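Since the structure comes first, as structure tokens, the remarks are kept for the end.
The values are calculated or read from the model by the stated rules, or taken from the named source; none is laboratory data. Remember, it's a predicted structure, so these values are computed and weren't measured experimentally. As a convention, Cβ positions derive from the backbone with ideal geometry for all residues, glycine included, and neighbour counts pool all protein chains shown. These area figures cover heavy atoms from the full protein model, side chains too; ligands, DNA and RNA do not enter into them. Shrake-Rupley method; radii C 1.70, N 1.55, O 1.52, S 1.80 Å.
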Amino acid sequence: MKFRLLPFVVITSLLPLAVWSDERTPDLKNGRMVAKVCRECHAFRESKRQKFGPNLAGLFGRPAGQLDGYPYSIAMREIGVVWTSETLDRFLADPAAFVPGTEMRFKGIESAASRADLISYLAVATEK
């Protein structure tokens, strides 16, 4: 009898690890929904038509404030960062705190999960 319970005990003892894991798979569908706010000012694909904000095509790996033809603020041109998942996460949490003097009028995204979903979506949507 005690050998029949062993698999049950092992599985149920590991269950909390699966449920409470800090790792989560980004939700691209949610990222696309969150990105609607971004699309108001930014294009995600290369385009001759300029929106209010800079084009985000090829965003990952690009130095901040360096897209030719867009009039960035001095603060954005001089911040000296390259856009990665980590820098985007910090920026999207609070743009004004990450780049003091930025002209981007966006309060930020409080939810870390929503930021992660958005960043994962942007990695696909802005790929050249």
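The table for this structure:
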| read-out | value |
| --- | --- |
| Search result, residues across segment 59-81 that are exposed (fewer than 12 other Cβ atoms within 10 Å of the Cβ) and of a type in the set (Gly, Ala, Ser) | 61, 69, 80 |
| Selection from segment 39-58 of residues that are among the hydrophobic types (A, V, I, L, M, F, W, C), closer than 17 Å to residue 72 by Cα and surrounded by 14 or more Cβ atoms within 10 Å (Cβ to Cβ) | 41, 43, 56, 57 |
| All positions within segment 85-95 that are out of contact with any helix residue (DSSP H, G or I) (no Cβ under 8 Å at 6 or more places or on another chain) and open to solvent by 50 Å² or more (accessible area, probe 1.4 Å) | 86, 94 |
| Hits in segment 108-128 - residues which are in a loop (DSSP other than H, G, I, E, B) and in contact (Cβ under 8 Å) with a residue 12 or more places away in the chain | 108, 109, 110, 126, 127, 128 |
| Of residues in segment 46-71 being touching a residue at least 40 places away in the same chain (Cβ under 8 Å) and over 21 Å from residue 105 (Cα atoms), the one nearest to the chain's Cα centre (by Cα) | 60 |
| In segment 97-128, the residues that are hydrophobic (A, V, I, L, M, F, W, C) and surrounded by 16 or more Cβ atoms within 10 Å (Cβ to Cβ) | 98, 99, 104, 106, 109, 116, 118, 119, 122, 123, 125 |
| Residue match in segment 26-34 (condition: in a loop (DSSP other than H, G, I, E, B) and open to solvent by less than 70 Å² (accessible area, probe 1.4 Å)) | yes |
| Test: residue in segment 60-79 that is in a helix (DSSP H, G or I) and either at pLDDT below 95 or charged (D, E, K, R) (or both) | yes |
